[in-house]
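Only the coordinates and a few stated rules stand behind these numbers; no lab work does. Predicted model, so just to flag it, every value in this text is computed and none were measured. Every residue, glycine among them, receives a Cβ derived from its backbone with ideal geometry; neighbour counts consider all protein chains shown.
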Amino acid sequence: MKPDSIIECVPNFSEGTDRGVVSRIVASMQVEHVHLLDWSLDAAHNRSVVTLAGPPEAVVEAAVRAVGVASKLIDLTQQSGVHPRIGAADVVPFVPVSGLSLAECAMLARQAGLQIWRRYGVPVYFYGAAAARPDRVLLEDVRRGQFEGLREASQKDASRRPDIGGPELHATAGASAVGARSFLIAYNIYLDDADISVARAIAREIRAANGGLHGVKAIGVICEGRAQVSMNITDFRMTPMRVVHAKVQELAHLNGTRTAEGELIGLIPQDAFDPDAAWVKEIPGFHAEAKVLEQKLHQPMDWPVA
């Protein structure tokens, strides 16, 4: 790990309607040398996503603090939304940007998980490159059953117990999935249709797990009365964004509908950005200086006041 190493962390929180709560969580991450690059609330999914970057140890500390605040402010027994979740601080991924490897990010994730349990009593599951078991590499396997199902399964089934802490989940904050991964692009496409079955059919076709596009995870949901194909692209080099966009367009046409606007949650790496691509042009209000990570590092956001 080089002295000037930079990592990204993209924690996801199970709250997307109360801006005051999310502001307090984000404000808790203000650690020296850590840059706030992006944060947004998604009321339709009842979820918020924050993007941080900076020196590894500082970013780890910022992320751990945020889990602690989220565990106090978010009660999963009262929370619901269309997005799968197991915790108040649902997912805490660490991503190498420069000067360190994915394996080193995995070690940082392990350190963060241990601190989360010791400080706040929130159990942790490790996933991705930080997974302690092969059946927990995929986030969807860790989140199977969501908070409600995992709350019971973790006490009855030893194979579902957390990697650190437990076996019981935190009564109101659940558990956190802490991991290390390469860049992930969270990209959604709305359909000109309110039929969720069409979105689900398209998601099935493009999902890598079903033999679709490599490195693509997808579900069909209803957001604000419209069908949406909600995707995570985990390998944009093998499956470029233009390929994903074109395939969804093609399948929408075959299912008797059309695609509408796109939506990007969080940031994208410079290598995935093509200013002339159709998928970029169909995202309302897209500005590269605000949505491309390498550009945003030079113009970080101001920290919110809690």
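The alpha carbon convex hull volume per residue for region 185-296 rounds to 87 Å³. One chain, two ends: residue 75 and residue 222. Fully extended at 0.36 nm per residue, the span grows by 50.6 nm beyond their Cα-Cα distance. Scaled against 2.2 N^0.38 Å for its residue count N, the alpha carbon radius of gyration of region 103-162 is 1.13. Sorting 152-164, 40-52, 209-221 by average packing, meaning the other beta carbons within 10 Å per residue, from highest down gives 40-52, 209-221, 152-164. Say the cut-off is 27 Å between C-alpha atoms; which of 2/217; 2/296; 72/217; 2/72; 2/281 go over it? Checking Cα-Cα distances, 2/217; 72/217; 2/72; 2/281 exceed 27 Å. For region 6-180, the calculated P(r) over all alpha carbon pairs, in 5 Å bins from 0 to the bin holding the longest distance, is 2, 10, 20, 23, 22, 15, 7, 2, 0 percent. Placing pseudo-labels 7 Å out from each Cα toward the beta carbon at residue 4 and residue 283 gives an inter-label distance of 2.8 nm.
Model label points for residue 210 and residue 119, set 7 angstrom from Cα along the Cα-to-Cβ axis, are 4.1 nm apart.
Once the Kirkwood radius over Cα pairs is known for region 93-219, the Stokes-Einstein relation at 10 °C and 1.306 mPa s delivers a diffusion coefficient of 98 µm²/s. With a cut-off of 20 Å on the backbone N, the residues of region 273-306 near the modelled label site 7 Å out from residue 237 along Cα-Cβ are 273-275, 292-295. Projected label points at residue 141 and residue 159, each 7 Å from Cα along the beta carbon direction, are separated by 1.0 nanometres.
Counting beta carbons within 10 Å around each of 296, 281 and listing the fewest first gives the order 281, 296. Footprinting exposure proxy ranking of 127, 190, fewest other C-beta atoms within 10 angstrom first, gives 190, 127.
Shown for 206, 25: other C-beta atoms within 10 Å of each C-beta, ranked fewest to most, produce the order 206, 25. Spread over its residues, the convex hull of the C-alpha atoms of the chain is 124 Å³ per residue.
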